[in-house]
Amino acid sequence: MDLEYSAEHEAFRGRVQEFLKGWPLTGAESKLPMEEQEAIFRKRGIEAGFVYRSVPKAYGGSEQPRDAIADRIIQEEFYKVGAPRDLLTQGAGMLVPTLLEFGTEAQKERYIPPALTGEERWCQGYSEPGSGSDLASLQCQARLDGDEWVLNGQKIWTSSAQRAHMMFGLFRTEPDAKKHDGISYLLVPMDRPGIEVRPLKEMAGGHEFNEVFFTDARIPAGNIVGQRGQGWQVSRATLVHERNLIGNPFMMREAFSDLLALARSRTRDGRPAIEDPGIRRRLAEIEGYVQTCELSNMRQFTAANRGEMLKVMRPMMMNKVFSTDTMQRIARCAYDLLEGDGVLAPLEEELDKWGRTASPTGWVLQYMFSLGPAIAGGATNIQLNIIGERGYGLPRDLRRTS
Amino acid sequence: MDFGLSEEQELLQETVRGFAQNECPTTRLRELFDAGTGHDPALWSGLVEMGIAGLIVPEEQGGAGMELLDLALVAELLGEFAVPGPFLGHSLAALGVTLVADPAQREAILPGLADGSQIATVALQESAFGFAPGEWTAKIEGDRVSGTKAIVPSAGQADRFLVGLQGGRLAWVDAKGEGVRIEPVEGVDRTRPISTVHFAGAPASLLGGDEASAWRLLDAASVLLAADAFGAASKLIDLDVAYSLSREQFGQPIAQFQAIKHTIARIATDIEPARALFWYAAHAWDHLPEESARAASVAKAHLTDRAMDAARQSVELHGGYGFTWECEVQMWFKRIMFDRSCLGTPDRHRERTAELGGY
């Protein structure tokens, strides 16, 4: 055990910090819309070898040798100054690794570069009204007609579909095959006739996810990744990219610091709430969870770096539940500190900031928003099944269908 | 940058695990638990032979010169097998002497602790409430110690006491000498017997120290108790899994019901990631002086509390059987009660976490 960085990595950190002096942008560039500023800086990050390190240069990445410690240093330093790094969008975060593994050469060249820059935006078409946790039961249909797929059916909970140029989605192409074997992974241009996006309003008041309806929408036959009927395996593959699973430990600490700041600014019996012994104990208990998150992350990171991931399979499969619960504890404590202000509705302009505003109404929003991660991307109830079954060898549930 | 165990540390754990599996299987543990002595000379000599008694004693004094992290890894396994005996008090006494004694005193005391020819323990806490060094009132006048100490582990087996005095100083007292009266107390954890010890002008050597060094000793205690609680809770998860696979209701193992599966998954998710807390607290004690106190209190508060939750859930999961004396769960339940309540409850350590963290 040694928590010091080597001289070589400290020097690397120095180079990253030097590079980050270029953020935020200055002069004329600082007058551009934020999205453009981020794109400019991200491009510089790629040229410097700090962004998209695992993506080949041919497709717009920086293709750096694998070095988990360097990755961590970059993550930490970029996060400190809030500089734009790899996009974590559906396109850059989900589609790109999938194409790198299963795409044809033509698909990689066509789709990866604009997904990395964000010029082409993607949404993910997985869930359907009747297929949530039991995703493989999906019914949205794609039928081959000449050199086109004809799509019919409905997707739901499709985040950012209203802004997306493209969708990667799962469609039933082999209706007679067993349920997992009848699915294909298709790439769908969202501007085709027969595709309709309808907004869903969230309980907190915002609009991020949608319903998407397909009525005889046609896309080219070549817009398939992998073989017909292989879509399930193709879609699962991104889940085994370990770096996606380890998560970002710095976010949790920041949320906890925000909570401490809130406790200093709110009062209780005429004194800062943070002086109240009960509040202090509660904050310290939450910090126990926050520190567990950070240290468990560091342990997994070390295992990845040593090539010993098998030793940390259990804590790894717990990451999502654990971080979700911890964020909920933070939000819940903040909500309690608001006392009567907890009746206020979030402000319109805060809705698209996902509760990252330190105002009372921002915390009200975060209190509601903290429920989202327990549902999205593998509900907590399902995660608990996975932990019990794959982590501890408990038998699978009795299922009506195979 | 590496937050993981070394091969030597993994080997140390394997060795202790092998020993505990052979020498302290549940059947043997049950005999000792029911007998209530909380001590088995054969078990202790086995640990001494493996070098555990002198693990953190410097090499110059005949020990292995290892670190608190190594000791905590042993504590984890002793917790997992609920191994009875004087490990906790003995280790802390040796650490305390190493921390504050002068070279001559170390030379006189430590070799006997390292080779196991003497058993020592610590007498620090004075009442249910007074665990912090600032609350210690025992006095030394000339070379004689007076005062009363509560919750002294393994006092009946000890040859020597490391006694905490007013101001955080530490003294070394012959347990069999004059002016020492040991009053056994019925403790809930029958693997680690406790006593109240009365010192009435007992001959002592003053070793030195102050409140800061006393806290440093208590931080080490927090780490060892946290590690023990982690090991005990890990054992409970194993027991829960085994029971839920073997117990059938409605024609299927109860493990197949999500109510049970999710309970186990929740317990495990509370416990397994928190292993890193005691690793870090031990490492900080060894190498990161500025982080050490807070890390120790976070680990003690969080791990013993989560382990206690796990133990309560485990009893419930075992149904009526879980509430019996016969069921194994109670032995670890009580081990965790000790870890949680001895030398500062989670509440007290959270108050300290807040204080040290500048909340």
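Worth a mention:
- Subset of segment B:37-60 (residues that are crowded, with 16+ Cβ neighbours inside 10 Å and without any contact (Cβ under 8 Å) to a residue 12 or more places away in the chain): none
- Per-region count, segment A:180-195, residues touching a helix residue (DSSP H, G or I) at 6+ places or on another chain (Cβ under 9 Å) and either of a type outside the set (G, A, S) or under 20 Å from A:N210 (Cβ atoms) (or both): 6
- Positions within segment A:385-399 being at the interface with chain B (Cβ under 7 Å from one of its Cβ atoms), over 17 Å from A:K311 (Cβ atoms) and among the hydrophobic types (A, V, I, L, M, F, W, C), in sequence order: A:L394, A:L398
- The residues of segment B:1-27 that are in contact with a Leu (Cβ under 8 Å, 6 or more places away or on another chain), surrounded by fewer than 19 Cβ atoms within 10 Å (Cβ to Cβ) and away from every other protein chain (no Cβ under 14 Å), listed by number, are B:R17, B:E23.
Results for (1) among the small types (G, A, S); (2) at pLDDT below 90, shown as yes or no for each residue.
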{"residue": "A:E349", "(1), (2)": "no, yes"}
{"residue": "A:D352", "(1), (2)": "no, yes"}
{"residue": "A:A358", "(1), (2)": "yes, yes"}
{"residue": "A:Q366", "(1), (2)": "no, no"}
{"residue": "A:S370", "(1), (2)": "yes, no"}
{"residue": "A:G391", "(1), (2)": "yes, no"}
{"residue": "A:R400", "(1), (2)": "no, yes"}
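- Residues in segment A:55-76 that are small (G, A, S) and surrounded by 17 or more Cβ atoms within 10 Å (Cβ to Cβ): A:G60, A:G61, A:S62, A:A68, A:A70.
- If only residues of segment A:257-314 that are among the hydrophobic types (A, V, I, L, M, F, W, C) and free of Cβ contacts under 8 Å to residues at least 12 places away in the same chain are counted, the one that is farthest from the other protein chains (Cβ to nearest Cβ) is A:L310.
- Subset of segment A:1-53 [among the hydroxyl-bearing types (S, T, Y) and either within 14 Å of chain B (Cβ to nearest Cβ) or part of a helix (DSSP H, G or I) (or both)]: A:Y5, A:S6, A:S30
- Residues within segment B:122-134 that are at pLDDT 95 or above and surrounded by fewer than 18 Cβ atoms within 10 Å (Cβ to Cβ), tallied: 1
- The helices (runs of 4 or more DSSP H) found wholly in segment B:208-300 and carrying at least 2 residues that are farther than 17 Å from B:A311 by Cβ and among the polar types (S, T, N, Q) occupy B:211-246.
- Residue within segment B:86-94 that is surrounded by fewer than 17 Cβ atoms within 10 Å (Cβ to Cβ), modelled with pLDDT of 95 or more and out of contact with any Cys (no Cβ under 8 Å at 6 or more places or on another chain) present: no
- Boolean, B:A232 is touching an Asp or Glu at 6+ places or on another chain (Cβ under 9 Å), facing another protein chain (nearest Cβ under 8 Å) and over 17 Å from A:R390 (Cβ atoms): no
- In segment B:264-293, the qualifying residues are those that are more than 20 Å from A:Q300 (Cα to Cα) and at the interface with chain A (Cβ under 8 Å from one of its Cβ atoms), and the one that is surrounded by the fewest Cβ atoms within 10 Å (Cβ to Cβ) is B:L288.
- The numbered conditions (1) crowded, with 19+ Cβ neighbours inside 10 Å; (2) more than 14 Å from chain B (Cβ to nearest Cβ); (3) within 24 Å of the chain's Cα centre (by Cα) are all true for A:P360 except (3).
The values are calculated or read from the model by the stated rules, or taken from the named source; none is laboratory data. Treat the numbers as computed from the prediction; the structure is a model and nothing was measured. All Cβ positions, even for glycine, are placed from backbone atoms using ideal geometry, and neighbour counts span all protein chains on display.
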